[in-house]
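Below is one structure, written out as structure tokens, with a few remarks after it.
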């Protein structure tokens, strides 16, 4: 009987056996294997493509940024020996170049202005300046860089004012430059020294209808002001001359410079002394020692474009920048700003650029230096001649000509980005018209004398400030919500709450920025007491509600299903919010005299901007919460249920299980959520662009705005010149963002792996 049963069971089992080697099953296995291979290669290629794209972005940004830190390049061209220079052309007093680098001007001590072709050296035009009979040129001076105005000091105490001009025409479609000499104040010289003595040094400045002439005879100063007035009815022009009497000097004068606003007169005298006179009250502002080394003396000087800064060269190859700034007592004083070094030989000439805060210097051994004042950068030091000569720098600062020993030495200069250096980008810089070094971003201005302020420090600070305030709001709310949803909330309620919160991530940030800038900012300004009351009252109300709920009879508490208690807080939160905001006017009237903003500004001395970090923190925190919440909630929910049940079985309370098991196990995922949220906040653009004043200030003040790196790139990139310094600095800002995000994510991953390894044994 048993054998019969066994045979029957064997027959039944063999008939019920499934054959896995049928053609259909083999086809399914092959299809599944193919899908596995395709998926594996798709993920592999996609991941490598992402890495390659990020790498290419990095190298492209670096490719655009690297030219910023390259120095200047000087190219020598064949020397020119024009015939007119071999003749009796006189001693050169000044050489200048026009905009196109096609025509040069040479002014000699014979009172001749000679225009020549810069390519061949051929003479184009010679103008004999109208000097009085029997007089000679004893001094020459010019207005600030970029101005064509020149003055000649004569041996009879007079000065002649003229300017060089270049008229461009296109006869037969051929560009033609016609040079000329104009006399905007007439061909009659002005009498500067009434005693008729030869002038040693002269200078001038034109400010609107006012012309200031200054000269010296030995240690005596002669200053005259000429004002032009035009009758609007008749068009008749009248001139008024007035003498300015200043305290006299003791030592012989070396050079004179006039402030472009005609507020200060700088007189270089003695070995290394500068006397500064106030032209407003005709008094001596102060006497300043320019060199610490008593054995050195000032051998050359010049004004930078704008006329605010003075550059002094000394007998030991040193160069220093000075300008007026307020001291601790609020008085304007001549301050030493920064120093440069050309070589060991005395500096004989300084020539400033006409459009940037750069300058060139030539020493007695023929060594040329190219510098930039704001960036405190030495771009080039190179020998160009076998001795000193007369140097000319073109308006575009891309061409130089040196006259020496009857030859013209043309040089081509490539110096595209002198205003950028590590110190200018990240350190404090003492800018003109500032009383102390500061971090400033101001890339453009309305005039050509502007000194670019390209510090990335306030932008980086603003980026971290915006992210900090956003994370203060977002991190606690998102993490607490994630823990409660994943651990305490009922599954049915979790299925409703989690998608709603994650749906917030679909909200376009431009909408959030628009809402924050146009509604939230003015609303917060008008309800400041209510908002701050809400931050204090809401947590207290939630705690009291929870305490009251715990004291209710079990018969009431058990009516609410387990995990649905959070629904009770919804009306509580709404009621507390309504109450806090509704009593805002009463609190403001009771505690802050009816205007909390005015109280913050006047009584606390804190600057208040309507679009500030508080607005950005709320708006950006709202945008970051879904990212942090979703990842953190998944991390907490993914903790194995066996760990939770095991902890509870051993007698631990739910709270102890949460704090000592669940959170520790989920800590790598929670940390990743925070880092991803931080990265989102750092790279956010539209919210900070629309919800802040975009002011690049370095203040942690909650009530002040900021400008971030991303917002700055978005605002200024369309206005920047492609390939210019501003354009490349914006790319540098993008590179800083990329590197910062890369470093932050790398550290986050290392910490996450360490946390995972540490708590994997739980």
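Computed values, structure above
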item: Burial ranking of peptide ranges 114-123, 355-364, 547-556 (average Cβ count within 10 Å, highest at the top); result: 355-364, 114-123, 547-556
item: Cα point-scatterer Debye curve for segment 488-627, base-10 log of I(q)/I(0) at q = 0.12, 0.14, 0.19 Å⁻¹; result: -0.68, -0.87, -1.20
item: For the chain, calculated [θ]222 nm from helices alone, where every DSSP H run of n ≥ 4 adds -39500 (n - 2.57); result: -12000 deg cm²/dmol
item: Virtual spin-label span in nm between residue 288 and residue 738, 7 Å along Cα→Cβ; result: 4.4
item: Relative contact order (%) - criterion: Cα under 8 Å, at least six apart; region: segment 131-289; result: 15
item: Two-site FRET efficiency, residue 438 against residue 715, from Cβ-Cβ distance with R₀ of 22 Å, rounded to 0.05; result: 0.55
item: Among 584-596, 482-494, the order from most to least packed when residues are scored by Cβ within 10 Å on average; result: 482-494, 584-596
item: Listed peptides 248-258, 611-621 by packing density, highest first (mean Cβ within 10 Å); result: 611-621, 248-258
item: Estimated distance in nm for a label pair at residue 240 and residue 574, the labels positioned 7 Å out from Cα along Cα-to-Cβ; result: 7.6
item: Over segment 131-289 - Rg/Rh using Cα atoms and the Kirkwood inverse-distance radius; result: 1.04
item: Stretchable slack from residue 747 to residue 722, in nm (0.36 nm times residue separation minus alpha-carbon distance); result: 5.5 nm
item: Three-way shape call for segment 69-202 based on the alpha-carbon gyration tensor, with the a/c threshold at 1.5; result: prolate
item: Relative contact order %, the chain, counting alpha carbon pairs below 8 Å whose residues are six or more apart; result: 10
item: Relative pair counts by distance (%), Cα atoms of segment 457-702, 10 Å bins; result: 7, 24, 32, 23, 12, 3, 0
item: Viscosity 1.002 mPa s, temperature 20 °C, Stokes-Einstein D of segment 268-427 from Kirkwood C-alpha radius, µm²/s; result: 130
item: Virtual spin-label span in nm between residue 126 and residue 229, 7 Å along Cα→Cβ; result: 4.4
item: Between 0 and 90°, nearest 10: helix 725-759 axis offset from the chain longest Cα axis; result: 30
item: Angle between the chain longest axis and helix 491-503 axis [Cα atoms, degrees, rounded to 10]; result: 20
item: Length-normalised contact order of segment 307-439 in % [C-alpha pairs under 8 Å, at least 6 apart]; result: 18
item: Helix 528-550 vs. the chain, principal-axis angle (Cα, 0 to 90°, nearest 10); result: 20
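The numbers here are math on the coordinates, done by the rules we state, and not lab data. As the structure is a prediction and not an experimental result, all values here were calculated from the model. Reconstructed Cβ throughout: ideal geometry from the backbone, glycine too, with neighbour counts over all protein chains shown.
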